[in-house]
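Data first, discussion second: the structure below is written as structure tokens.
What follows draws every value from the coordinates through simple rules; no lab data is involved. Owing to the predicted nature of the structure, the values given are computational and were not obtained by experimental measurement. Cβ placement follows ideal geometry from the backbone for every residue including glycine, while neighbour counts extend to all protein chains displayed.
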Amino acid sequence: MGRILALDFGQKRTGIAVTDELQIIASGLATIETADLLSFLKNYLNEEKVDLIVVGEPKQMDNTASQSEIYIQEFLQKLKSAFPNLPIDRIDERFTSKLAMQSMIEGGVKKKKRQNKSLLDEISATLILQNYLFSKP
């Protein structure tokens, strides 16, 4: 069994999380400049067996797509071209950034470190992946 990889896609940075090989535990992996994301994924997929990529789906409160969905769709086309045999799934990512910030506060992360948006993106990707794992039957 391979890992599941989750992406909290952003125009500047993308948070990445991954499961263990049994697909039980979600852990933050990295935050990558989005311009370097495909290159990072190619290297990672050469080293690790990945069964699925989950990409967060940002939605408005009325369940419509957010403005950033345009950029995500462009990236998804590139991702599908680069890895045509790798399944891609989507999951609602509403509130993950707020939950990530709250988890840092509750975890005692100092205010200066909480300002590091890379850490926030990685934690958000982990929350996206955890939500995906919880939603699986």
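For the chain, calculate the relative contact order in percent as a whole number, restricting contacts to Cα pairs under 8 Å that are 6 or more residues apart.
It comes to 34 percent, rounded to a whole number.
Starting from the Cα gyration tensor of the stretch 21-78, take the square roots of the eigenvalues, sort them a ≥ b ≥ c, and report rounded, prolate or oblate (rounded when a/c is under 1.5, otherwise prolate if a/b is larger than b/c, else oblate).
It comes out oblate by the Cα gyration axes.
Would you list which lysines come within 19 Å of residue 110, measuring only between C-alpha atoms, while excluding same-chain residues fewer than 8 positions from it?
By straight Cα distance, residue 110 reaches 98.
For helix 37-47, report the angle its Cα long axis makes with the longest principal axis of the Cα atoms of the chain; keep it between 0 and 90° and round to the nearest 10°.
In the chain, helix 37-47 runs at an angle near 60 degrees to the longest axis.
Please give the calculated 222 nm ellipticity per residue for the chain, where each DSSP H segment of at least 4 residues contributes -39500 (n - 2.57) and the sum is spread over every residue; nearest 500 deg cm²/dmol?
-13500 deg cm²/dmol
Tell me the label only: which of [x] 42, 36, 23; [y] 36, 32, 25; [z] 41, 33, 32 is Cα extents along the principal axes in Å as calculated from this structure?
Computing Cα extents along the principal axes in Å and matching it to [x] 42, 36, 23; [y] 36, 32, 25; [z] 41, 33, 32 gives [z].
Across the chain, where is the longest run that never hits trypsin sites (Lys or Arg not before Pro) in a DSSP loop with at most 12 other C-beta atoms within 10 Å?
50-109
Sequence-distant or interchain residues sharing an amide H contact under 5 Å with residue 55, placed H: which?
Here the answer is 7, 89, 90, 91, since their amide H atoms fall under 5 Å of that of residue 55.
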